[in-house]
Amino acid sequence: MIKRSFFALSKPRLTYDLLEPDPDGPRAIPLPDLVTLLLTEAIDNTRPALIKKGDPMKKGQKLALYEDSTAYVVSPVAGTIKSIDTYPDDFGEIATSITIAHDPEKTSEIEPLELPEDISSAAVHLKKLPGAPPFDILADENFTIRTIVITGADTDLLTTTSQYVSTAHARDLEQGAAILKRLTGTARVCLALPEGINGHNRFNSLQVLKTSPVYPDTLPAMIMKDHLDTVLPAGKTPEDMGICFIRAEAVVSLARTYEKKALVFEKHLTLVDKAGFRHRIKAVIGTPLRHIFNQLDIQINDQDRVIIGGPMQGSATFTTHHPVTPETDTVVVQDREILPKISDTPCINCGKCIQICPASIPVNMLVRFLEVDQFEEAAEKGDLEACIECGLCGFVCTSQIALGQYIRLGKHELHKLRAEV
């Protein structure tokens, strides 16, 4: 829920949506004929590829482009590779999409799974489970993780995906947490849940952190400060401070994988349609959004906006063929007639962004550096790396500047610059 204040000098109060007391289960979306998987590696035509168009696929088969590739995807269906194409990601970086034609007659063709007994093996085999467990981080010897926080509280507005998964599948969540402890050796595993939600008493083996209903208090940096007595320094990650955050769905998926001794592929997500109605659905990873819209009778017109993620932190996609990924928790559809306006009006120094920023960043100064691609100066003089990317500055901006996008791009370019040194 979003409530704008009447008085201009007071802060708008944004509150998270709470899961209803007796929630309905998700609507299952039928498996489409084609699934698309997004691989974070570019095609290099000078190298011998491991996969090609026409190759048969087993359900659960791991796909990588080259022999030494660390990036991979996992086929959620048995079938045949129909295409391997390139696509630009949010920052214009070239990545790869793999489309697989599902063959219903080959449903019994399943790749055998050897369940890992250590976190390094989990990073190799299980990091593409629904919820995208951060096994790469947990396996990284450069980090000493002392606390794992399971996020059962949704981090953006309008969505209840994490809350639903946590409470509807509490048994699986506790079992997955026990497996996580065994794989990582981490003794302290906590569960973040909104303080107003029912079901805190369902978790006997987990320390429950009751988060505030006020946005952005469920973001990692805020949970660290409010519940773990740890301030996240600028330029550092939670992992640098010995804390790792993991989605509730990733933990539930881990438990189900061990129970079934097979990979799971169904992803829970919240879809908010043009009228603001919330749909709770379950779809196989790789399902194109267009297929979901068709199942729900949602008409997408020219210039309508489809946002992957919530209204504060999400990113618009330029195609309804964009698939459900392991990270997809929320999809928001906005009608072209009511789209929030974005302008090229320069900053007028009204100060609203500074007033609302939970990290006390001088956003009006920061955006000036970002507009002229001065990324190092943005970090040194504008506190770029202290931003927690909550999106509040863009929400209150009088000039309607896309501040959140500027900041995300700025961080990306800063990291590229430093990597080249």
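The values are calculated or read from the model by the stated rules, or taken from the named source; none is laboratory data. No experiment lies behind these values; they were computed from the predicted model shown. All Cβ positions, even for glycine, are placed from backbone atoms using ideal geometry, and neighbour counts span all protein chains on display.
One table, with the values for the structure above:
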{"read-out": "For V189: the one exception among (1) free of Cβ contacts under 8 Å to residues at least 24 places away in the same chain; (2) within 23 Å of I137 (Cβ to Cβ)", "value": "(1)"}
{"read-out": "Qualifying position, being at pLDDT 95 or above, of a type in the set (K, R) and part of a helix (DSSP H, G or I), among K181, K210, K236", "value": "K181"}
{"read-out": "Subset of region 311-326 (residues that are in a loop (DSSP other than H, G, I, E, B) and within 18 Å of D156 (Cβ to Cβ))", "value": "P311, M312, Q313, G314, H322, V324, T325, P326"}
{"read-out": "Failed item, numbered, when L115 is tested on (1) in contact (Cβ under 8 Å) with a residue 24 or more places away in the chain; (2) out of contact with any strand residue (DSSP E or B) (no Cβ under 9 Å at 6 or more places or on another chain); (3) outside any loop (DSSP other than H, G, I, E, B)", "value": "(3)"}
{"read-out": "Residue selected from region 4-22 under the condition over 30 Å from C353 (Cβ atoms) and modelled with pLDDT under 95, by the criterion surrounded by the most Cβ atoms within 10 Å (Cβ to Cβ)", "value": "E20"}
{"read-out": "Selection status of F395, buried (at least 18 other Cβ atoms within 10 Å of the Cβ), modelled with pLDDT under 95 and either outside the structural domain of K225 (by TED's automatic domain parsing) or under 21 Å from Q313 (Cβ atoms) (or both)", "value": "yes"}
{"read-out": "Unique residue being closer than 18 Å to D154 by Cβ, outside the structural domain of E376 (by TED's automatic domain parsing) and of a type in the set (D, E, K, R) when the list is D302, D217", "value": "D217"}
{"read-out": "Subset of region 242-256 (residues that are surrounded by fewer than 21 Cβ atoms within 10 Å (Cβ to Cβ) and part of a helix (DSSP H, G or I))", "value": "R256"}
{"read-out": "Yes/no for F375 being at pLDDT 95 or above, assigned by TED's automatic domain parsing to the domain that holds N349 and among the aromatic types (F, W, Y)", "value": "yes"}
{"read-out": "Residue among A275, A250 that is touching an Asp or Glu at 6+ places or on another chain (Cβ under 9 Å) and not acidic (D, E)", "value": "A275"}
{"read-out": "Those residues of region 71-119 which are of a type in the set (A, V, I, L, M) and closer than 25 Å to P30 by Cα, in sequence order", "value": "V73, V74, V77, A78, I81, I84, I98, I100, A101, I110, L113"}
{"read-out": "Tally of residues being farther than 19 Å from T345 by Cα, charged (D, E, K, R) and either free of Cβ contacts under 8 Å to residues at least 12 places away in the same chain or crowded, with 16+ Cβ neighbours inside 10 Å (or both) across region 355-388", "value": "4"}
{"read-out": "Condition met for Y87 (part of a loop (DSSP other than H, G, I, E, B), hydroxyl-bearing (S, T, Y) and farther than 28 Å from F203 by Cα)", "value": "no"}
{"read-out": "Among the candidates I150, I119, residue that is of a type outside the set (G, A, S) and under 15 Å from the mean Cα position of the chain (by Cα)", "value": "I150"}
{"read-out": "Region 338-367 - residue that is among the aliphatic types (A, V, I, L, M) and in a loop (DSSP other than H, G, I, E, B) and, of those, farthest from P220 (Cα to Cα)", "value": "I348"}
{"read-out": "Filter result for L34 (under 20 Å from H321 (Cβ atoms) and crowded, with 17+ Cβ neighbours inside 10 Å)", "value": "yes"}
{"read-out": "Region 213-229, residues that are in a loop (DSSP other than H, G, I, E, B) and buried (at least 16 other Cβ atoms within 10 Å of the Cβ)", "value": "P213, Y215, P216, D217, T218, L219, L228"}
{"read-out": "Residues satisfying the stated conditions in region 212-229, i.e. over 17 Å from L392 (Cβ atoms) and in contact with a strand residue (DSSP E or B) (Cβ under 7 Å, 6 or more places away or on another chain)", "value": "M224, H227, L228"}
{"read-out": "Cross-chain or 6+ apart pairs with Cβ under 6 Å, region 193-222 first and under 17 Å from Y164 (Cβ atoms), then hydroxyl-bearing (S, T, Y) and surrounded by fewer than 18 Cβ atoms within 10 Å (Cβ to Cβ)", "value": "P213/T15"}
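The rows are residues; the columns are (1) in contact with a helix residue (DSSP H, G or I) (Cβ under 6 Å, 6 or more places away or on another chain); (2) among the hydroxyl-bearing types (S, T, Y).
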| position | (1), (2) |
| --- | --- |
| N204 | no, no |
| V208 | yes, no |
| T211 | no, yes |
| I246 | no, no |
